[in-house]
Every structure is written in C-alpha cells, then in structure tokens.
Amino acid sequence: MARSDLAAGLARDGVVALSEVRAGERGVVAALDGGRGLLSRMASLGFTPGAEVTVVQNFRRGPLIAQVRGARIALGRGEAGKVMVYRKSPHEVW
C-alpha cells in the first residue's frame, strides 16, 4: 500500500492527521505515514502506535505542540501531518 493510500484508508476508519486535531483534544497514535528516518525520529520522541497524545497548541500554521508520554513536543506541520491518530471524544475515558 502506497503512503498516500495509507492515509486515505485510515481516514475511512476515523483516523486523522495530528495536524487536524484542535488544541485540547486527545487522540491515540494509530500509524506513522513516513519513511525510515521519520519513523525513527517519531519513535524516539514517544510517538508510537497506541500512545496517547494531547494537542496543547495548534494555530493551523507553524509548529504544533503536543504532549505525549508526559513530555511536550513541538512538531513541524509536515511531521504532524504524518502522525495519524484516532481522535478521542472529550467524554471518553481511558
């Protein structure tokens, strides 16, 4: 499956790019849509499938700030667009 096909397939399952999640919303990492270098970088920052993510700041341009595994991480728009997450409802408890 090509990378663009991965994003399209996940979108049908209710998965969105982290860059589309608003400040204050939470999600769970579903997949990473990138090459080996991006996968390695994201894993070292804590963005692994199953990790809970809270978006702290997202102005829809410029860097996005997310909290993952207790750390606040600033991601560029391109990086945030390749982290695919299941968006959680505000009432959903983990």
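Worth pointing out:
- Number of residues in segment 29-74 that are in a loop (DSSP other than H, G, I, E, B), exposed (fewer than 13 other Cβ atoms within 10 Å of the Cβ) and among the hydrophobic types (A, V, I, L, M, F, W, C) equals 1.
- Considering residues of segment 78-91 that are surrounded by fewer than 16 Cβ atoms within 10 Å (Cβ to Cβ) and over 14 Å from Leu32 (Cβ atoms) only, the residue modelled with the highest pLDDT: Ser89
- Subset tally (residues that are out of contact with any Gly (no Cβ under 7 Å at 6 or more places or on another chain), assigned to a loop (DSSP other than H, G, I, E, B), touching a residue at least 12 places away in the same chain (Cβ under 8 Å) and within 16 Å of Val16 (Cα to Cα)) for segment 75-89: 1
The values are calculated or read from the model by the stated rules, or taken from the named source; none is laboratory data. Note that the structure is a prediction, hence the values are computed from the model and not measured. Cβ sites come from the backbone with ideal geometry, for glycine too, and all protein chains shown count toward neighbours.
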